[in-house]
Structures are given as C-alpha cells and as structure tokens.
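Before any comments, here is the structure.
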Amino acid sequence: MSEQTPLTPLDLPEGDPFGPHNLPYGVFSLPGDAVEARRVGVRLGSYVLDAGAAAAALGSPYVSLLARPTLNPLMAAGRTAWSDVRRALTAWVTVPAHRETVRPLLHPLSEVTLHLPFEVADYVDFYASENHARNLGRMFRPDEEPLKPNWKHLPVGYHGRAGTVVVSGTDVVRPSGQRKPPADPAPVYGPSVRLDIETELGFVVGTPSAQGTPVPLSAYRDHVFGLCLLNDWSARDIQSWETVPLGPHLGKSFATSVSAWITPLDALDEARVAPPERTYPLLPYLDDSLPSADGIADEPGGYDLHITVTLNGHVISETSSASLYWTAAQMLAHMTVAGASLRTGDLYGSGTISGASENARGSLIEITWNGRDPIELPDGKRTFLENDDVVTMTAWAPGPNNTRVGLGEVTGRIVAGAAV
C-alpha cells in the first residue's frame, strides 16, 4: 500500500464550518510579539492565516489593508474592497499554485493570542426580539399589555459604552452599584446579586456616513462589514433601580463581550430569511416590503443563526436569530434617521434573542423567570450568575451546498470585583 501524503492545514475535513466558504476575520499575535506586531488573521479550520504576510508574499495590492494591527483600515475601505479581498483570500487558500506560499503562514489557533479585532467607535444596543420583550413585559407588568405602544413601530434601543467592549475570553468583573429590592426602605451599595447574560448578535460598521444624512435600508450592505456573537452582560438589580425614569446606565456599562472573529456578510448569504410578519404598517424609512430605489429585488432581511448557550459546560438555551422582529438593516436605518453619523468601528447589538419556547430564552431572567424557577446544574442551582461561572455562546448558520458557517464563540468567566 502506498504511503499517504500527510494532511496540511489547507486540507480540511469535509463540512468544516470554518472552511473556505466562511473565512472570518480576526486579529492575533504570536508568542513574544509586541503590541504593534498584532496582525490581521483569517480563520481556516483550527488555524489562522497571517493575511498581511500572505498578501505580501503573493504580491497582492491589499497589503496596506491587511498588514495592520486592527481590522479598521479594511473595514473603512468599503464594500468593493471587502469583496475583492474576500475573493483573493479564497483563492489563496484553495488554488493549488498558492499552497507552498500560504502553508507556512498558517498558525495553529492553540498557539496564538486573539485580540479585540477592531477599535470600537460607538455602541448601540437594541431590543429587537418580540419574544424577549413580551417575556419581560409579562414579568414586570402582568396587568398591562406586554409591549409598549412604540415597540411595533420602531426598533427600541439605547446608546451603550464602547470603552468596555471586550474580546471573548476576557474575565468579567462583577459590577457593584446601588440596588434596592422593592421591600427595602432604602438603597444599598454592593456587588450585583442578579448578574445576567444577554444572547445577541453584534453588527460591525465599516463604511462611515455623513452627519445629517440618514442611511436607508437599501444601503445596509454598503455600511456593515460583518457580524459576530455578542453577550451584553447585565446587572439586573442595579439596572432596575437606576433605569426609571431614564435608561440603562451602570447596570449595562461594565462589560460587553464579542467574538474574536467577525464573519463577513457575504459568508451568510444562505442564512438570509424573511423576518416575522409585521402586525402594524411601518413608516417608509423602516418598511422593508417596499421595493428598493434601484429596482433590484431586495434580499430577505433576517438571519437564521442557530445559537447555543452553555453555563459551566451545560446547555441552558438553544435559540435562533430568525425570530428577531427587527432586522439589522432596520436597526441601522433607525439609528441614523435623526442625523447621527456612522463611524468605522461602530457596533450595534440586536438585544437579547429569545425564541417562543422555554428552552429558547436568551437570558437568565427569562430562563429562571426572574429567579422563580432555578436552573439545576451538577454544582448546584442557579438563578443568576455566581463567581467563577463560565458562559459560552456558539453559533452556526446555513452555508452553500448544505455546509454550515461557524461563528466564533464568545465566552466569559465571572470574577469578584475589588472591595470599595
């Protein structure tokens, strides 16, 4: 029997969710690298390709976009450049003539450090899941209609804190603040005792826009570079006391975790689905049933991403983003309709994604119904997060030819905060 040729990082198993049909972007460093030596990488299976080094070795004109310590230059280059770079990368990892050049530039993921892949400009968090909004409405306003009157007319959201967006794997320090249970006569200060997760998608803006110029639904692909998984950690007890009459502040400002990998929109074409049926007419700037101005048939606005959430390795939720009432394009249009500009590196989240069934709820406050129904884990019951708990979110989407597109995981461990 003839001896088989050893497999290389370019010879992926059939159906690998991080194959050439995916190619998400990240930023990595090698052991001993200085901060300025961070570089753009592209994931292929369980390896990361040094994209800048590959561009230089192959004489590509995209060296100036890829040999950088952050994704921002590539993101700012615009949609045409994104498509051109993606075609080039696909060729570099699939065309046999490039194998010998590319193979030494692939590094095992186990040997690199992954970093926050882009410099975050602004951060906005939405509330786009009707199931989630209804669950919280029923929980806190049992004698009222669960949805507020504005909810079906606009994507509700708030501006968050960009400076505390962290990459997957970063420990999350338990926040402290004021909290006041309803029966207590006065507030107290201390660590949050109702620390929660929010299972979300994050959308990353590449191309900026001018202040005073709204971005229409049809321009979504021209501005959004890609998406990622996002966990917007929430201190429910701090949030409930401070929120009335304004919006979230300390209860939502301490940490937001994002995946180390940004999946380009072009990798998710097979995952596009129609959003749920609209139950109220939408104003024109949000109405995705209207034909686009260029006369080209519009693509479905939603994404069918299948998301699994584990707590200390045990599955606590399995949900899908296909149920989101508001689409990424509608959130972007609403975010800019009053005149706000987009900047390269803007990040906006979908808000908690919850399905219709109990096992598809995307936050602990829903899963345990505000602490009434604890989760049973091998190490004890949980209503909200305890120190040393580890939460991990993973996801996949339908890809071409019955493949799957993997999204980078987002994970975080809760650690105790410093005493004040």
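The values are calculated or read from the model by the stated rules, or taken from the named source; none is laboratory data. These figures come from a predicted structure and were not determined experimentally. Cβ: placed from backbone, ideal geometry, glycine included. Neighbour counts: every protein chain shown. Areas reflect the complete protein model, heavy atoms only, side chains present, ligands, DNA and RNA absent. Shrake-Rupley method; radii C 1.70, N 1.55, O 1.52, S 1.80 Å.
Apart from one condition, Val93 fits all of (1) under 17 Å from Thr8 (Cα atoms); (2) open to solvent by 20 Å² or more (accessible area, probe 1.4 Å); the exception is (2).
Scan region 21-39 for residues that are open to solvent by less than 50 Å² (accessible area, probe 1.4 Å), in contact (Cβ under 8 Å) with a residue 12 or more places away in the chain and either of a type outside the set (A, V, I, L, M, F, W, C) or over 15 Å from Leu109 (Cβ atoms) (or both) and report the count.
If we filter region 21-39 for residues that are open to solvent by less than 50 Å² (accessible area, probe 1.4 Å), which is where we start, we get 21-30, 34, 37, 39.
Then drop every residue that is not in contact (Cβ under 8 Å) with a residue 12 or more places away in the chain, which leaves 21-30, 37, 39.
Pick out the ones that are also either of a type outside the set (A, V, I, L, M, F, W, C) or over 15 Å from Leu109 (Cβ atoms) (or both) and you get 21-22, 24-26, 29, 37, 39.
Result for region 21-39: 8.
Identification of strands (runs of 3 or more DSSP E) wholly contained in region 180-275 with 2 or more residues that are open to solvent by 50 Å² or more (accessible area, probe 1.4 Å) and modelled with pLDDT of 95 or more yields 188-191. Within region 302-353, the residues that satisfy the criterion of being hydroxyl-bearing (Ser, Thr, Tyr), surrounded by fewer than 21 Cβ atoms within 10 Å (Cβ to Cβ) and under 17 Å from the mean Cα position of the chain (by Cα) are Thr308, Thr310, Ser320.
Within region 276-293, the residues that satisfy the criterion of being aliphatic (A, V, I, L, M), assigned to a loop (DSSP other than H, G, I, E, B) and either in contact (Cβ under 8 Å) with a residue 24 or more places away in the chain or closer than 12 Å to Lys152 by Cα (or both) are Leu282, Leu283, Ala293. The set of residues from region 126-139 being surrounded by 16 or more Cβ atoms within 10 Å (Cβ to Cβ) and assigned to a helix (DSSP H, G or I) comprises Glu130, Asn131, His132, Ala133, Arg134, Asn135, Leu136, Gly137. Counting the residues of region 319-349 that are closer than 30 Å to Ile367 by Cβ and in a helix (DSSP H, G or I) gives 10. Does Val315 meet the test of being under 30 Å from Lys381 (Cα atoms) and free of Cβ contacts under 8 Å to residues at least 24 places away in the same chain? In short, yes. Of all residues in region 96-108 being exposed (fewer than 14 other Cβ atoms within 10 Å of the Cβ) and under 16 Å from Val48 (Cβ atoms), which is nearest to the chain's Cα centre (by Cα)? The extreme case among them is Pro108. Of everything in region 41-69, what is under 16 Å from Val112 (Cβ atoms) and touching a residue at least 40 places away in the same chain (Cβ under 8 Å)? Give them in sequence order. Answer for region 41-69, where residues must be under 16 Å from Val112 (Cβ atoms) and touching a residue at least 40 places away in the same chain (Cβ under 8 Å): Gly41, Val42, Arg43, Leu44, Ser46, Tyr47, Val48, Leu49, Asp50, Ala53, Ala54, Pro69.
Only one entry of Leu116, Leu154 meets the criterion of being open to solvent by 40 Å² or more (accessible area, probe 1.4 Å), touching a residue at least 24 places away in the same chain (Cβ under 8 Å) and in contact with a helix residue (DSSP H, G or I) (Cβ under 7 Å, 6 or more places away or on another chain), and that entry is Leu154.
Condition check ((1) under 22 Å from the mean Cα position of the chain (by Cα); (2) assigned to a loop (DSSP other than H, G, I, E, B); (3) touching a residue at least 12 places away in the same chain (Cβ under 8 Å); (4) within 17 Å of Ser168 (Cα to Cα)) across all residues:
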position: Glu386; (1), (2), (3), (4): no, yes, yes, no
position: Thr392; (1), (2), (3), (4): yes, no, yes, yes
position: Ala395; (1), (2), (3), (4): yes, no, yes, yes
position: Val405; (1), (2), (3), (4): yes, no, yes, no
position: Gly408; (1), (2), (3), (4): yes, no, yes, yes
position: Thr411; (1), (2), (3), (4): yes, no, yes, yes
position: Ile414; (1), (2), (3), (4): yes, no, yes, yes
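Within the set Arg404, Arg382, the sole residue that is basic (Lys, Arg) and either touching a Cys at 6+ places or on another chain (Cβ under 6 Å) or over 28 Å from Pro24 (Cβ atoms) (or both) turns out to be Arg382.
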